Amino acid sequence: MEMEFIPIDYDYFDYEGRNYVKVYGRNKEYKKICIIDSCPIYLWAILKDGVTEKLTKELVKEIETIKLDTKGRKTKVEKVEIHEKNFLGKKVKALKIFATNHKDLQDVASQIDSPLVDKRRGYDLNYVTTYIIEKKLYPLTWYKIFGELLHNSNEFGGMDQILNVDFVIKLNRKKIEKKQENFVPKTLAYDLETDSLKPENGEILMFSLVGKNYKKVVSWKKSKTDNKNVVFVENEKELLKKFVELVKEYSPDFLIGYNSDHFDLPFLKERAKKNKIKLPLGIDNSDPKISRGKTLAGKISGITHIDLIKFIRTAYAQYMQSETLSLNEVSKEFLNDAKKDFKIKHSSKIEEKSWKNYYEYNLHDSVLTLKLFEKFWPDLLEFTKIIKEPTFEISRNGLSKQIESYLLHNLEKYNEIPEKRPTNNEIGFRQNSGGVEGAFVYEPKPGLYKELVMFDFTSMHTSIIISYNISKGTLTTNKKNSYESPEIEKDGIKKKYYFAKEPGFFPLLLKEIFEKRKQYKKEYKKNPNVITKARSNAFKVLSASAHGYIGFYGARYYSLESSSAILAFVRQFNKETIEKIEKKKHKVIYGDTDSVAFTRNESSKKEIKKLLKKLNDDLPGVMHLELEDFFKRGLWVTTRSGKIGAKKKYALISENDIIKIRGFETVRRDWCPLARKTQDKILRLILIEGNEKKALEYVKEIINKIKTREIKKEELMIKSQLKKPIAEYKAISPTVVAAKKMKEKGIPVNVGSPIEYYIAEYNGKSKLVRDKIKLPDEKNKYNIEYYLEKQMLPSVENIFQVFNINIKEITEGKKQEKLGKWF
DNA sequence: AACTCCAGCCACTT
DNA sequence: TGCAAGTGGCTGGAGTT
């Protein structure tokens, strides 16, 4: 039979010792389809140089005899082929060794220990990845498929009878559909409310499900409500059964939660266990699987379970204003909507009349989650299509994994054998090999400047990699016909690295990404919509992560030499650009990595653009310097020590009155809102009006309010985050103390949890800040001295210093030295 | 007890 | 394990006077 088909979720199973893939998806009538298929399973043995044909043939014969009988499986080498391949850009002769079961490839590889074999590769890819590479059945792409309908068939042990889908098809062949129609997936968001954050301590009170024209809250805590979407069951056990029943009935492609890998799905699973029932959510009636690891991932067979927080974290967090990734803040930023007001309490303490609000609250969380999914769906779709991994992985992978997947799915064009993942030993070695010298930061000259210009390099690291053909594979000792890096000093030894001019697959692939980035950016500008934006953004993210990937210890194509060469070029180009601009008699104020800011000294904008063009004419390859903007004013301050200009800290106002504040306390979460807002205000007064006097008056006013206790406590909360488990801290900082306090009160504290506290008055002798910490709900008077000395003054002091105003003297009175001065 | 110095830490910028 | 290095500036603790 033939049918249209769009692959969504990939899974695999073993049948009679062989591997098969189940690909779940839809046809155009929205019927749920599962395709069963398989692909060749093999690894590569790269032969040493100059192995004769005779020896090769003998080796092939030897390898063909390999048989394994481990882990209850019988695997053997089924055939061996001889191929001309590339490995890291070099031509090699390699044996393609086909085996019975993918899970045994590693063991087969370790059986091949002939001295003729240089390296063994390609045994460490996921089976699903291998399948997609081999069969080119790409996720979220429309196909016409041809195959055999399995209906009450005995094939694969009667698989088709277990699967809750409309059609099970054994795939024969497929072709890509010319017209790639938009696919709107069937989505369902869910959220739980529980009596505890730990499944061992509390029951699930209710859950909500929200899909298109579908809203439901199910609870066993019966109370009056007008909301017709709320239904009741008898107890938690029935609630769990209802969850499974409703999800199955709805049959979503994507089941979406927020933080659900860590909370909702494991909670459901644990409570099912407690109630001694199964949770057969899978299309094959299997229970969800929570994979262990540093980060949990909840997988449901046949339904793509998405934990949105993860995708937002990797793909979006860097561009976001929100200070945490809580559902509430993220919804505010992206949806202009927020969670419903409801103070969560233990169910025993919830008043009868409040339950209806709790139901609403629960429902709205799923509404927000679904809306966020819809917001990010274009991005998930484009990332999936570009990288060619299932959305399940795409939504959870970090940046390095994304770029690596892109590489693996594109190696074939270059006839490349994939490099292996580093072993734990190699990772350890890489981590201990020390860092490389990073970029150059120009020490700014503190002051308020007028008529500024900023230039910056477009995708600097990436364009350097492309222009100088830098990568693990192109690194060479041959100085002829090579690009030479600037001199690099490490451990007192000076050296240069060389990279062959013959283009390598890594820089070429990166060039492809780089050019697509440009192309889709143009397309987006010409035709702005969510899809063109998402496509442009996906290539931007991939392009920007390339250098980080090369220097990442877990990368297959890690190269310390490449990374240090790239950064040496970065320093060189920045310094050269600064010199060239100075030669034109402009005063350079600041520069960091890929940017230069200077005053234009009455030069016209036209002249500046001419200068830019001239600078660009001298640049090699795809390197490009662009005009970031013209700025009316810009402010740089000294460091706290007061002598030198502070790097990574400045404020600018463009000619269109757009204010850009970098590094100042204003943008730092670990300063209290009062200090941040006051600093922001005075920066604005200075930038917009150039009026430091008005700014001074404003600060005096605030200082008075602090002294007279007119400041609201919310304005004084200091936020921070735990970056590791409490026990691992060597230093007992205020954050750690606050976290411990929270824990004592039964508030769960995990890595990444936001910690919030304020500094209170204290009668004891201690001078330590940590002894004065109060949590937001602990009543006390705020510590006037602390907020003046450690928050307010430090945040504005250096700004006024630029105008030769000593704020400390003004507010304290010149001669007072002791702290009594404030009263 | 009061000081200096810096490790440890977090949140930034690029 | 899950992209990099450079920077500012706080806090607490060790060491010194």
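The values are calculated or read from the model by the stated rules, or taken from the named source; none is laboratory data. None of the values given here were measured: they were computed from a predicted structure. When we count neighbours, we look across all protein chains shown, and the Cβ atoms used for this are built from the backbone with ideal geometry, even at glycine.
Quick notes on this structure:
- Subset of segment A:762-788 (residues that are within 15 Å of DNA strand C (Cβ to nearest atom) and either of a type in the set (Asp, Glu) or surrounded by fewer than 12 Cβ atoms within 10 Å (Cβ to Cβ) (or both)): A:GLY764, A:LYS765, A:SER766, A:LYS767, A:ASP771, A:GLU785
- Subset of segment A:230-262 (residues that are over 30 Å from A:TYR24 (Cα atoms), in a loop (DSSP other than H, G, I, E, B) and not aliphatic (A, V, I, L, M)): A:GLU234, A:ASN235
- Helices (runs of 4 or more DSSP H) wholly inside segment A:329-410 containing at least 3 residues that are more than 16 Å from DNA strand C (Cβ to nearest atom): A:355-387
- Looking only at segment A:197-254, and only at residues there that are among the polar types (S, T, N, Q) and within 24 Å of A:ILE306 (Cβ to Cβ), the one that is surrounded by the fewest Cβ atoms within 10 Å (Cβ to Cβ): A:ASN213
- Residue list for segment A:155-196, filter: under 28 Å from A:TYR20 (Cα atoms) and assigned to a loop (DSSP other than H, G, I, E, B): A:GLY158, A:LEU163, A:ASN164, A:VAL165, A:ASP166, A:GLU177, A:LYS178, A:GLN180, A:PHE183, A:VAL184, A:PRO185, A:LYS186
- The condition of being at pLDDT below 95, within 16 Å of DNA strand B (Cβ to nearest atom), over 30 Å from A:LEU611 (Cα atoms) and not charged (D, E, K, R) holds for only one of A:VAL441, A:VAL436, that being A:VAL436.
- Verdict on A:SER395 being away from DNA strand B (no atom under 16 Å from the Cβ), among the small types (Gly, Ala, Ser), in contact (Cβ under 8 Å) with a residue 12 or more places away in the chain and closer than 25 Å to A:VAL210 by Cβ: yes
- If you go through segment A:512-570 and pick out every residue that is closer than 19 Å to A:MET460 by Cβ, aromatic (Phe, Trp, Tyr) and assigned to a helix (DSSP H, G or I), you end up with 4.
- For segment A:630-665, residues that are part of a strand (DSSP E or B) and either of a type in the set (A, V, I, L, M, F, W, C) or away from DNA strand B (no atom under 12 Å from the Cβ) (or both) total 16.
- Identity of the residue in segment A:649-668, among the basic types (Lys, Arg) and near DNA strand C (Cβ under 8 Å from one of its atoms), that ends up surrounded by the fewest Cβ atoms within 10 Å (Cβ to Cβ): A:ARG668
- Count - residues of segment A:132-159 that are without any contact (Cβ under 8 Å) to a residue 12 or more places away in the chain and charged (D, E, K, R): 1
- Long-range neighbours under 6 Å by Cβ, at least six apart or interchain, first residue more than 10 Å from DNA strand C (Cβ to nearest atom) within segment A:623-648, second polar (S, T, N, Q): A:MET623/A:SER463; A:MET623/A:SER467; A:HIS624/A:THR458; A:LEU625/A:ASN616; A:GLU626/A:THR458; A:ASP629/A:SER654; A:PHE631/A:SER654
- For A:SER564, the conditions (1) over 30 Å from A:PHE87 (Cα atoms); (2) within 11 Å of DNA strand C (Cβ to nearest atom) all hold with the exception of (1).
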